[in-house]
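**Q** Below you will find the structure I want to go over with you.
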Amino acid sequence: MSHDQHGLAMTGASAAAVRHYDRAIDELLHFRAEVDAEANAALAESPDFAMGNVLAAYLGLLTTQAEDARTARARFGAFLRRTDGGALLPRERAHVAAVRALLGGDFLTCGALLADLTAEHPRDALALAVGHQIDFFTGDARMLRDRIGGALTSWREDDPHLGHVLGMYAFGLEEAGHYDRSEEVGLRAVELNPRDVWGIHAVVHTYEMQGRFGDGLRYLDARVPDWSSGTFFNIHNWWHYCLYALETGDVPRVLAVYDAVLAGGQSCMELLDAAALLWRLHLEGSEQHERWRALADAWPARVAEPFYAFNDMHAVMSYVGAGRVGEAEKLIAGRAAYVAEPHPGVTNHDMTLRVGLPVCRAIVAFGRGDYGAVVDLLHPIRHRVNEFGGSHAQRDAVQRTLLEAALRAGRRDVARALVSERISMRPCSPYNWLKQAALAEAVGDGAAAAVARGRAGELARSGGALARSGIVGAAG
């Protein structure tokens, strides 16, 4: 019997397989593409290594792409047919059960099984990392916080992966609204490991949720080499950089980063970042027809079948942005047929029914200029949009669509309440003050509109001054 780097017993692994497995976990926590090669090397050394097969299955399933899931299902099925499950250790059997649930599309059961597992084995880094991603995919802010918090005291100060666990905890704290504590924990995580891109990402989210875009620009500018390349997460952190730049009103900078980094993405995660950024520009009247067309071309194969409703929303954004509303409607019709049939235990079924379809229909309605319909579709679900996953920052695209539609539809009471909520939460955001100005103009209050626009301009200038010149060059 062997043990991993965190002292957990494993079966079926040679010494060489264990070394590859440990390196794979390290690469996973760093979000580096080398995780796949190390996982495969572990299985090449010991094909029936239980935790190696578990890791490979998780890697295939967490991409949220149906084709990867099919490959993982076939590979893990072959492992199970070769394996005597009764000979596995209880922790390994728990992982196998979690993988089985995830293979069946049951995110919630997988997450619950992993929570039980980490209650008994709080130093199981793989269970923590996968459970954390499951909580993200299901938009469960409480579990993003408590899954990691419940294990944290079992990690030693001298453990090389303590920083990564702190980075996960910081993100959970941010999603649960504990911004001061999130910043503190995230900064500590990055202090322990400057290349912890998830920890950097947690700090960035904390600043985003408080409207502290100037702090966010300064933080990212100061550590560009640590987050901007070399991982399969760098595009997402560039997306965050662009959100800050948008607050300053620097659209040319945003488009330069888009063309250098976000354009041409291949994975669903990369494509949805690109769509979410262009959609924010679309809401503000900045049409990017050529960029939309290229992005829309990349989606059909990735949403050919129902798998993850959050991806569907971004595909529909891309189709609408490219003026291909017919393709958006075809996707929606397919998803409507999907939810009309029972799919017991498939989390995406309820995600699509309760959130995905209304949001996709609202995006199409926005594209058609039917802004009243957008409000009617989105306003009733705005407090449960988290159910189809993503972060608060990502889901803000939905909230901004609702606000813009309310303004354009003349639904002033709705717009007033939404703007008031935003300014009360993020008084440093130029975007929020610009929407206050638009609302004041709609009711004929020119003086109030001028004050709000002045406030937006003042905030944008103060934050923009913090951005280092030449940052776009780093994006290349």
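**Q** With the dipole of the chain worked out from charges on the C-beta (+1 for Lys and Arg, -1 for Asp and Glu) around the Cα centre, which of Ala101, Phe171, Leu402 lies farthest toward the positive end?
**A** So the residue we want is Leu402.
**Q** When only Cα pairs under 8 Å and 6 or more residues apart are kept, what is the percent relative contact order across the range 262-373?
**A** With pairs under 8 Å counted, the relative contact order is 25 percent.
**Q** Gap in Å between the Cα centre of the range 273-346 and the Cα centre of the range 232-272?
**A** The range 232-272 and the range 273-346 have Cα centres separated by 18 Å.
**Q** May I ask you to compute the full-extension gain from Ala417 to Asp259, defined as 0.36 nm times their residue separation minus their alpha-carbon distance, rounded to one decimal in nm?
**A** The span from Ala417 to Asp259 would gain 53.3 nm if fully extended.
**Q** Can you give the FRET efficiency for Ala448 and Arg368, using 1/(1 + (r/R0)^6), R0 = 35 Å, r = Cβ-Cβ distance, to the nearest 0.05?
**A** That gives a FRET efficiency of 0.65.
**Q** Give the residue from Gly454, Tyr431, Ser46 lying farthest towards the positive end of the charge dipole for the chain; charges sit on Cβ (+1 for Lys and Arg, -1 for Asp and Glu) and the dipole is referred to the Cα centre.
**A** Farthest along the dipole direction, towards plus: Gly454.
**Q** Looking at Asn348, Ala322, Ile332, which one has the Cα that reaches farthest to the positive end of the dipole of the range 299-350 (charges on Cβ: Lys, Arg +1; Asp, Glu -1)?
**A** Ala322
**Q** Oh, and also: Quick one: length gained pulling Lys330 to Asp180 fully straight, 0.36 nm per residue minus the C-alpha distance?
**A** Additional length available on full extension: 49.5 nm.
**Q** OK, next. If I take every Cα pair under 8 Å that is 6 or more residues apart in the range 81-161, average their sequence separation and divide by the length, what percent do I get for the relative contact order? Before the final figure, lay out the partial values.
**A** On the way: 63 pairs, mean separation 18.5, N = 81.
Once normalised by length, the contact order is 23 percent.
**Q** Turning to a different aspect of this structure: What nm distance separates the two modelled labels at Met1 and Arg82, each placed 7 Å from Cα along Cα→Cβ?
**A** Using points 7 Å along Cα→Cβ, the separation is 2.3 nm.
**Q** Right, here's the next one. Taking 0.36 nm per residue of separation and subtracting the Cα-Cα distance, what length does fully extending Ser286 through Ala33 add?
**A** Stretched out fully, the Ser286 to Ala33 stretch lengthens by 87.7 nm.
**Q** Using a simple charge model, +1 on the beta-carbon of Lys and Arg, -1 on the beta-carbon of Asp and Glu, nothing else, what dipole does the range 92-194 show about its Cα centre, in debye to the nearest 20?
**A** That gives the range 92-194 a dipole magnitude of about 260 debye.
**Q** Next question, about the same structure. Roughly how big is the chain's charge dipole about its Cα centre, with Cβ charges of +1 (Lys, Arg) and -1 (Asp, Glu), in debye to the nearest 20? Kindly include the intermediate steps, with their values, before the conclusion.
**A** Details: 48 positive and 59 negative charges, 208 e Å.
Here the size comes out at about 1000 debye.
**Q** Based on the Cβ-Cβ distance of Leu108 and Arg382, what FRET efficiency does E = 1/(1 + (r/R0)^6) give at R0 = 22 Å, to the nearest 0.05?
**A** 0.50
**Q** Counting pairs of alpha carbon atoms under 8 Å apart in space and at least six apart in sequence, what relative contact order in percent does the chain give?
**A** The normalised contact order for the chain reaches 13 percent.
**Q** Read phi for every residue in the range 342-357 and hand back ³J(HN,Hα) as whole Hz from Karplus 6.51 cos²θ - 1.76 cosθ + 1.60, θ = phi - 60°, with x for Gly and Pro.
**A** x, 9, x, x, 8, 4, 5, 4, 5, 4, 5, 5, 7, 10, x, 5
**Q** Hey, another quick one. Roughly speaking, what is the centre-to-centre gap between the range 418-468 and the range 1-39 when only Cα atoms are used, to the nearest Å?
**A** 50
**Q** Give me the one-decimal nm value for the distance between modelled label points at Asp297 and Ala119, 7 Å along each residue's Cα-to-Cβ direction.
**A** Output for this residue pair reads 5.2 nm.
**Q** Could you let me know the centre-to-centre spacing of the range 73-118 and the range 149-199, using Cα atoms, in angstrom?
**A** If we compute the Cα centre of each part, the gap is 27 Å.
**Q** Within the range 139-208, list the GluC sites (Glu not before Pro) lying in a DSSP loop whose Cβ has at most 16 other Cβ atoms in a 10 Å radius.
**A** Of the GluC sites (Glu not before Pro), the ones in loops of the range 139-208 whose Cβ has at most 16 other Cβ atoms within 10 Å are Glu157.
**Q** What's the carbon and sulfur percent of the chain's accessible surface, probe 1.4 angstrom, rounded to a whole number?
**A** 53
**Q** What distance in nm separates the simple spin-label points at Ala337 and Arg75, each placed 7 Å from Cα in the Cβ direction?
**A** In this crude label model, Ala337 to Arg75 measures out at 3.1 nm.
**Q** Between Thr153 and Leu89, take the C-beta separation as r, use R0 = 22 Å, and let me know the FRET efficiency to the nearest 0.05. Let's see the in-between values first.
**A** Numbers: r = 24 Å, r/R0 = 1.09.
So the FRET efficiency works out to roughly 0.40.
The values are calculated or read from the model by the stated rules, or taken from the named source; none is laboratory data. Just so it is clear, the structure is predicted and the values come from calculations on it, not from any experiment. Positions of Cβ are generated from backbone atoms using ideal geometry, with glycine treated the same way; all protein chains shown enter the neighbour counts. The accessibility values were calculated without ligands, DNA or RNA, using every heavy atom of the protein model including side chains. Shrake-Rupley method; radii C 1.70, N 1.55, O 1.52, S 1.80 Å.
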